[in-house]
Every structure is written in structure tokens, then in C-alpha cells.
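Read through the structure below, which is laid out as C-alpha cells, and then see the notes.
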Amino acid sequence: MSFAHLLSMQGFRNVVCPFLVTILICVQLAFVLGFNSLKFKRTPYNLCALGESSEIDMRVPMNRSGVVVKELIREIYSGDDPLSYKTRALPDFDYPHTHLNNEVVDHALTVLTGHFGAGQVHFILEIGSFKGGSASLIAERLISAELRDCSIVCVDPFSGDVNMWAWAKDKVLGYDFLSLAKGIPTVYETFRSNIIEKGYQNFVLPIPVPSVVGIRLLQRLTRENRLSHMPNMIFLDSAHEKTETAFEIKLSWDLLREGGLLIGDDWNWEAVRSDVCDFAMKNSLLQLTLPENVEKVCGGILLWGKELWMMQKPIM
């Protein structure tokens, strides 16, 4: 009996045809689910580049206590905390060029608590955060110093600087700084992933804008009484081009609270060193106590090793 003859039989059609349709539907579902599974296994950066959401539909436990981050989440994010969502981006702690260290941060916190009092150290601003290494270190030292109500605000467009783009093709220094996906850096997602992985999301808040925009935004919010505190300390690790650093120093100094500390990285870069020294020689600085094995240069700047510098804003 031929297959065509079987199909012509009413009973066969009533029993077998629905069965065949069910099989076809199952095959289609398996194909779709399998394809989505393959897509999910792509690298996090490809997911971002494909235009898919980089976030997983899971909330990160949050217990923010710092008044500054609470105010900023309300005023600029309309209450939607950017670190309250998990991300598909994988943590990356391999960036080798963060010079900030425990000794410098601990000394800075000692100076700040001595000057303002422990209960008045509310706000540390980082300008130039990259993948969150220095922000994580500061958060760890705040916990050690029992300054759990202090907020760390990270201003960075997370798009890289001149050198990172110039070095991208040849992976200069053996590191992929930008992790480009369809020509777009994925640094911001890595930053979020790193901070969440370390468990410092209660301290840290990113503002993904250039330094000038971030500083002027904070100044405006302060003027409009939407932000109750100016920074006690600013860590500057952003521009490394001559005159750009000078402009950022001037803006940071204006934003910094009187008696606050301005700390920066990459003193060994000629452009940075020149701009920092020029500023220090033209402005009066509080004379910080000189720790052991630390040099004082340019009229009051403390210099740790070959990279880190610190100066204190006077009380007018």
C-alpha cells in the first residue's frame, strides 16, 4: 500500500497528521531555543554590539548609606540605580596600570578625618575611573577606616583617552584597553561588573560623562541645593595631554571643598607634571605634613614615588 493511499484514508489522517504537526512544532521550538542559547553564550561584548540588552533581569542587593549617592540617584537617575542591575559583562581585573595604593589612600583619609572629623567625610570624587580598580581600592580602605557613609562618585565617559585609541590596533603594552564591539568601547559594562563582583556597589556610583560635564553638573546641583556636599577628596586620573590636565585641575580645585585633597596619578608624564606644577606655583596650598619617604615639590605638592601627587586646598 502506497503512502499516498494511506493519506487518503480518513482514519490515518485523523491520527497521524496531528502527530506529524506536533513533531514539526517541537522541532521548530527546539531550533529556536537552541539558537537563543547559542546567542546567550556569545561573549558579553558581542551581546552589547548586537544591540541586545547588556543587563540580566536580576537585581543586585543594595544597601546604600551614603547621602551623596542617594541624592545623585534621585536627582540624575530618577531613582533608578545603575548598579542595581547585574550585567552579562564578565569581570576583568587584569588592568595593570593603576598606581593608587593603600598607603596613599590611608594617609589621605587620615588627613581628611583629622581636618573635617570622621563624620564629615561624605564624598570622594574620582575623575577617570576606567574599569574600577582605583574605586575598588578606595572602597576597601573606606571600609577599613570605618567610613561606610562616604560615597565614591566616578565620573568617566568610559570611552578611553587619546592613547587608548591610538594603541588599540596593535594592543600596545599587551592590553586591550577598549574591548571594542562594533567600534564601541565596552568599558562601562566591565566597570559595573567589576564593582558588583567586588561587592562595592553600595559605595560607588558611576556618572558616564566627560570630566568637564561631570564637574559642572556637580557644581550646578550644589548651587541648586540638590546636592548637599562638595567633595572632600578628588582623585584625578583622566586627561594626560598638556593643557587638558591644567583645565581639569582648575575645575576640580573649584569644586573641591576647602581643606579637601586633590590627588592625581601619572606624575611621570611630562604633560601632567608640567600642568600640576604650574598650577601649584600659581596657587597657595596648605602645607601638608611630610610622611616618611615622601618628597615635597613645587611649593607644597607631596609626591609618592614617581606617579602619585597630592595637594590640599586652603581655607579662605
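A short reminder: the numbers here are calculations on the coordinates, not readings from a lab. Just so it is clear, the structure is predicted and the values come from calculations on it, not from any experiment. Because the Cβ atoms are built from the backbone with ideal geometry, glycine has one as well, and the counts that use them run over all protein chains shown.
Values computed for the structure shown
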{"read-out": "Residue in the range 220-251 that is farthest from V121 (Cα to Cα), counting only those that are surrounded by fewer than 18 Cβ atoms within 10 Å (Cβ to Cβ) and β-branched (V, I, T)", "value": "T243"}
{"read-out": "The one condition in (1) part of a strand (DSSP E or B); (2) surrounded by fewer than 16 Cβ atoms within 10 Å (Cβ to Cβ) that C154 fails to fulfil", "value": "(2)"}
{"read-out": "Count - residues of the range 104-134 that are within 16 Å of the chain's Cα centre (by Cα) and hydroxyl-bearing (S, T, Y)", "value": "2"}
{"read-out": "Checking T113 against (1) in a helix (DSSP H, G or I); (2) under 24 Å from D266 (Cβ atoms), the condition it does not meet", "value": "(2)"}
{"read-out": "Top-ranked residue of the range 163-219 - restricted to ones that are in contact with a strand residue (DSSP E or B) (Cβ under 7 Å, 6 or more places away or on another chain) and outside any helix (DSSP H, G or I), ranked as surrounded by the fewest Cβ atoms within 10 Å (Cβ to Cβ)", "value": "V209"}
